[in-house]
Amino acid sequence: MIVGIYTNKSKDVGGIWSNKLHSLLNRKGIEYVDIFDGNFSAVNPVKDMPREKLDVIIVLGGDGTILGLTTYASENDIPIIGINAGKLGFLTEFETFEMESAVELIKSDKLKPDERILLQIEIGERCYFALNDCVLQRIYSEENMGSQVIGLSVSLDDTLVDKISGDGLIISTPTGSTAYSLSAGGPILAPGIESFCITPISAHSLHHRPIIYGTESSCVVRVDDGYTGIFCDGKFIGKVSAGDSVKITRAAKTVKFLRKKDSNFYKRLLLKLNNGRE
């Protein structure tokens with residue numbers, strides 16, 4: 001077994017946690033390689049990796065750090081184990097004080113897979129992938145310093161389902177339903193549900209509500225009006241103008257996490273979103 005270790009150095013000041021992880025892996029006789037910190041994201045995916053074939057990637061960081069590796073992990077079918085050195089750590093499975101237990105479970109092969117679906121976002125010839133969400137949102141520019149709303153038309157399988165006037169919308173996966181979508185009033189979707197959710201952001205209407213639809217459908221969002229930016233997993237990927245369209249579908253590949261045998265989504269939900277109190 002070869003373990004890749006990706007450390008967010010801004011979260012692991014002085015290398016305290018990575019050094020401890022190295023020591024624990026050495027003690028168990030597990031081979032590992034360090035992955036350089038490239039500040040990866042949906043717009044800056046991993047390109048150069050160790051030549052060794054990795055069996056698993058341990059991420060030392062928070063949710064944002066994990067999101068930066070999902071494209072590479074999904075394309076190469078490498079599961080991720082998250083050790084939380086950040087704040088919320090909703091995607092991580094272990095806290096730093098559980099590191100020894102994590103290594104023991106890796107050695108004994110006693111972790112279970114947790115497979116998550118991804119979004120594929122197409123803008124013209126460009127293509128991006130997101131584990132959490134794709135967001136179309138009004139942005140400010142030197143040409144547009146006002147607080148104008150944007151207008152968006154949303155279609156599913158070539159059928160118009162809504163016209164949204166407001167700050168924008170979020171298209172989230174079940175994984176992303178506990179992120180920005182939740183803050184904007186969207187529902188929580190359990191990880192195994194084959195669905196995506198369209199959540200309006202500060203819509204200027206009383207009728208707009210989140211729409212949950214099946215992952216087999218193709219969603220196209222057309223910009224009707226306003227200065228609009230597109231964000232994938234929180235990273236800005238570009239601007240679109242009136243008349244432009246964005247196509248969002250389910251990606252062919254998935255990303256896998258490894259979790260404890262007794263890991264439970266609802267317990268994590270209660271703990272992480274209730275300031276650590278059960």
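The values are calculated or read from the model by the stated rules, or taken from the named source; none is laboratory data. All values reported here derive from a predicted model rather than from experimental measurement. FYI the Cβ positions are ideal-geometry reconstructions off the backbone, even for glycines, and counts take in every protein chain you see. Note: areas computed on protein heavy atoms with side chains; ligands, DNA, RNA excluded. Shrake-Rupley method; radii C 1.70, N 1.55, O 1.52, S 1.80 Å.
General observations
- Residue within the stretch 65-85 that is open to solvent by 60 Å² or more (accessible area, probe 1.4 Å), of a type outside the set (A, V, I, L, M, F, W, C), at pLDDT 95 or above and out of contact with any Phe, Trp or Tyr (no Cβ under 6 Å at 6 or more places or on another chain) present: no
- Complete set of residues in the stretch 243-263 that are within 23 Å of PRO113 (Cβ to Cβ), out of contact with any Asp or Glu (no Cβ under 8 Å at 6 or more places or on another chain) and open to solvent by less than 60 Å² (accessible area, probe 1.4 Å): ALA251
- So GLY89, is it among the small types (Gly, Ala, Ser) and part of a strand (DSSP E or B): no
- Residues of the stretch 95-104 satisfying the condition of being within 16 Å of ASP262 (Cβ to Cβ) and crowded, with 19+ Cβ neighbours inside 10 Å: ALA102
- The one condition in (1) more than 20 Å from TYR140 (Cα to Cα); (2) of a type in the set (Ser, Thr, Tyr); (3) open to solvent by less than 30 Å² (accessible area, probe 1.4 Å) that TYR266 fails to fulfil: (3)
- When LEU119, LEU136, LEU160 are checked against the criterion of being outside any loop (DSSP other than H, G, I, E, B), free of Cβ contacts under 8 Å to residues at least 24 places away in the same chain and under 30 Å from ASP244 (Cβ atoms), a single residue qualifies: LEU160.
- Filter result for LYS163 (under 26 Å from LEU69 (Cα atoms) and either open to solvent by less than 50 Å² (accessible area, probe 1.4 Å) or among the charged types (D, E, K, R) (or both)): no
- Residue in the stretch 105-116 that is surrounded by 15 or more Cβ atoms within 10 Å (Cβ to Cβ), more than 18 Å from the chain's Cα centre (by Cα), in a helix (DSSP H, G or I) and charged (D, E, K, R) present: yes
- Some residue of the stretch 64-75 being within 22 Å of the chain's Cα centre (by Cα) and part of a strand (DSSP E or B): no
- Residues of the stretch 195-242 classified as open to solvent by 30 Å² or more (accessible area, probe 1.4 Å), more than 29 Å from ASN76 (Cα to Cα) and either in contact with a helix residue (DSSP H, G or I) (Cβ under 8 Å, 6 or more places away or on another chain) or part of a strand (DSSP E or B) (or both), total: 7
- Candidates ARG51, ARG27, ARG126, filtered to the one that is modelled with pLDDT of 95 or more and either of a type in the set (Lys, Arg) or open to solvent by 60 Å² or more (accessible area, probe 1.4 Å) (or both): ARG27
- Qualifying positions in the stretch 194-219 - farther than 22 Å from ALA251 by Cβ and of a type in the set (Gly, Ala, Ser): SER202, ALA203, SER205
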